[in-house]
Structures are given as structure tokens and as C-alpha cells.
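The values are calculated or read from the model by the stated rules, or taken from the named source; none is laboratory data. In this text the structure is predicted, and so the values were computed from the model without any measurement. Every residue, glycine among them, receives a Cβ derived from its backbone with ideal geometry; neighbour counts consider all protein chains shown. Note: accessible area is taken over every heavy atom of the protein model, side chains too, but ligands, DNA and RNA are not part of it. Shrake-Rupley method; radii C 1.70, N 1.55, O 1.52, S 1.80 Å.
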Amino acid sequence: MNFEQVDRVRPLLWQDNHLSVLDQRELPHRQNHLICRTSSQVAEAIHVLAVRGAPAIGIAGAFGVVLAAHAVQADSGADALRAIDSELMALEQARPTAVNLRWAVQRMRSLLQGMGSDWREGILRAAQDIQSEDLAANHRMGRLGAELLPEGARVLTHCNTGSLATAGFGTALGVIRAGIANGRIAKVYASETRPWLQGSRLTIWELLQDGIPATLIVDSASAYLMQQGLVDAVIVGADRICANGDVANKIGTYAHALAAKAHGVKVMVVAPGSTIDMATASGAGIAIEQRPGTELTHIGGAEIGAKAAEVYNPVFDITPAACIDFLVTEKGVITAPDAAKMAAFFGPLSSR
Ligand code: MRU
């Protein structure tokens, strides 16, 4: 399988001494790059969704640590870490739900703590490792997930879980790329993903870049498609997966999963180890990000419909483990995940 031919988009590039971020707020109309030279610029890029998607914000966070550390004079990694501690706290709080951001900043913290006089090169290499490990994990998950699909599969995906949301290739969209490359997938449906439109703006654009045709649907059409027998599998990513297998992902994922259960359609969640949170027992313990009501009341800066008195805009939901048929990670596939299987794969609760 030649992955390069079906994977051309990259959201984050480290260039000389700055991080270049493909601004996802402007896609698909403009390919504009934000230049981040400080960790607070990286935190802002994450907060405003210029870079989004759980693994991508983890990688951006890791480079944010590099920028913070490189701005200080210090003889050792531990000295540098002391000087940047408050910046790192702000960085890891730029968004609350995806655990990858906190995971990446913590990993960078503990590596920096142990570094000696060559910490400047070391900390950059550590961020680059997080990026390249993510790409390798996506290739592996792509192969594993595609093997689970029936021949001629018709699949539905939600949000954007592709190259734009990761180091490259994608998680759920990586499985779809691999399934297209090996001829397993015959049809891709992408739901538009209200309100931020990650599906219609990002997934459709990204697949077009790679010559993969996809059919756009409104989020609420998925149950109808399944009722018509048009979907064999729902394939989604995750922002956090708890010790009992509950999955936090883009708002609307739970509705797709419930419809899938009602119609005997398989649900596949695809996520790397950096998305696993064994310290959180169940989905009830996950902070769900709330975003401004203007995401619902405005489109492209224009107000639509009547002025809403009140808007409630949770941007993630929790899909209970019982709704999930396959959890695909780079370590392997868990069928019908539950607390015991998660512990066997990732270690017991709170041990990470
Ligand atoms: O708000 P977003 O666009 O960052 O939400 C992204 C998602 O929910 C993705 O499905 C998830 O992060 C997995 S991306 C590989």
C-alpha cells in the first residue's frame, strides 16, 4: 500500500525556529499559515481551532513546549522547566476535552526535567518524535482497521479525523484511506458536523486533495441512510477514551452510534495510545468543552435565522463503550471494549 499517494496534507510544520500552522478556520477557501514563535501563540492557535483534532493539538502543544523552553537561558532541562512552568500550564489548558494535549505537554515536561546541557536539541527532538510516532501509529491503525471491513464496504465518518487532525494520514480517516487503497471500501459518507463543519469544510476538502470521492450528508441523515441499508460501518476518531472504554468525540458521534446499534451497523473507533486516559474511570469524568453560541447563530460571520435567546453548544459527547464494536489502536484491536479489556491492553486504572 503506497500511503504517500493518498496522503498529501500536513497541518503542522516545524521550520527553523517556529511552528507553521495551516489555519483550519480558513479552509477550504484559503490555505493560510499562521506562524507561531511563542508558546502563547500556539495556545491561542489551539484555542481558536486554527489547529484542531486531538492528536494534532497534542503535537502543537509539544512544539509549544519547545518554543517556551527555547526562549529561556538555562544550563539544564530542569532549570528551563522551572522557568516555563506557568506557560506550560496555560498551554495544556488551551482546550479541555482531548487528553492528547495534556499527555504531550506532560511527556515533554518529564523529558525536559531529565535533560542535561544539550537540552535545547533534545527537547526539539522530543517534539519531533511525538509527531513521527503519531504518523507511524496512524499507518498501523489504518492497516488494522481496514482489515476489519467487509469487501465493498460503505462507511460513514463524522468530524475530521484525517491528516489535518493528526501528524498525517489520520485515525478514522486513515482507516478509510487504507480501505480505499486496498479496495475494501466502495463508498464514503461524511457528515457535515454542525456547528463548526469539520466534515463539509475539512474532510471533504482533504479527501479531494488525495483523489478520494466522498458524499456529504447532514448529520441528521445518518439514521435514514442506515435504515435504507446504505451503511456497513461508522468509523470515527476520539478525543479521549476512558478506562471503561467510553469515548468522548465530536458532538453527534453518540447519535450516529445509537442509530448504528438500532440498524446492526458496526461502530469502529480509531485512536492512538495518546488518546487513552486510564486515569478517568468513565465518560462521566470528562470535561466537555462548551463553545460560543455564535457557532450556531452565525455562518461565515453572517447571522442566520432569528436571534436565539439562549444557545447551548457542547462540542463533544460521550459514546458508551457498549455501543462500540471495535476500538482500533496502534497496539492492536479491542473487540467490544470494556474495563477489563482496556486494563489488559493499557494497564490498570490510574497507572499511567
Ligand atoms: O473540535 P475538534 O475539531 O478538535 O474535534 C475533533 C474531533 O472530535 C475528532 O474526531 C477527534 O479529535 C479525533 S481526530 C483524529
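Just to verify a result, which residue in region 238-255, among those that are charged (D, E, K, R) and part of a strand (DSSP E or B), is farthest from the ligand (Cβ to nearest atom)? Explain how you work it out, then say what you get.
Within region 238-255, the first condition is being charged (D, E, K, R), and the residues that meet it are 239-240, 246, 250.
The next check asks that each one be part of a strand (DSSP E or B); those that pass are 240, 250.
Numbers: R240: 9, K250: 3 Å.
Per the stated criteria, the residue is R240.
Tell me, which residue of region 182-237 that is in a helix (DSSP H, G or I) and of a type in the set (D, E) is most open to solvent (accessible area, probe 1.4 Å)? If we take residues in region 182-237 being in a helix (DSSP H, G or I) and of a type in the set (D, E), then D219 is most open to solvent (accessible area, probe 1.4 Å). Count of region 49-106 residues, restricted to those that are hydrophobic (A, V, I, L, M, F, W, C) and farther than 26 Å from R240 by Cβ, is 7. I'd like the residue in region 275-291 that is polar (S, T, N, Q) and surrounded by 15 or more Cβ atoms within 10 Å (Cβ to Cβ) and, out of all such residues, is nearest to the ligand (Cβ to nearest atom). Restricting to residues being polar (S, T, N, Q) and surrounded by 15 or more Cβ atoms within 10 Å (Cβ to Cβ), the top hit is T275.
Filtering region 69-98 to residues that are within 16 Å of the ligand (Cβ to nearest atom) and among the acidic types (D, E) leaves only E92. Return the pair list, or none, for Cβ contacts closer than 8 Å from residues in region 67-86 that are over 22 Å from D16 (Cβ atoms) to residues that are open to solvent by 30 Å² or more (accessible area, probe 1.4 Å) and part of a helix (DSSP H, G or I), at least 6 apart or on different chains. Here the result reads A78/Q113; L81/R109; L81/Q113, each pair linking region 67-86 to a residue that is open to solvent by 30 Å² or more (accessible area, probe 1.4 Å) and part of a helix (DSSP H, G or I). For region 113-128, the count of residues that are within 16 Å of the ligand (Cβ to nearest atom) and outside the structural domain of V267 (by TED's automatic domain parsing) is zero.
Go through region 6-83 and tell me which strands (runs of 3 or more DSSP E), entirely inside it, have 2 or more residues that are modelled with pLDDT of 95 or more and open to solvent by less than 10 Å² (accessible area, probe 1.4 Å). Before the answer, list the steps.
Numbers: elements: 12-15, 18-22, 33-36.
The qualifying strands (runs of 3 or more DSSP E) are 18-22.
Taking each residue of region 305-328 that is free of Cβ contacts under 8 Å to residues at least 60 places away in the same chain and looking for partners that are β-branched (V, I, T) with beta-carbon atoms closer than 6 Å, six or more apart or interchain, yields A308/T297; D325/V267. In the set (1) more than 28 Å from H139 (Cα to Cα); (2) open to solvent by 30 Å² or more (accessible area, probe 1.4 Å); (3) assigned to a helix (DSSP H, G or I), the condition left unmet by Q106 is number (1).
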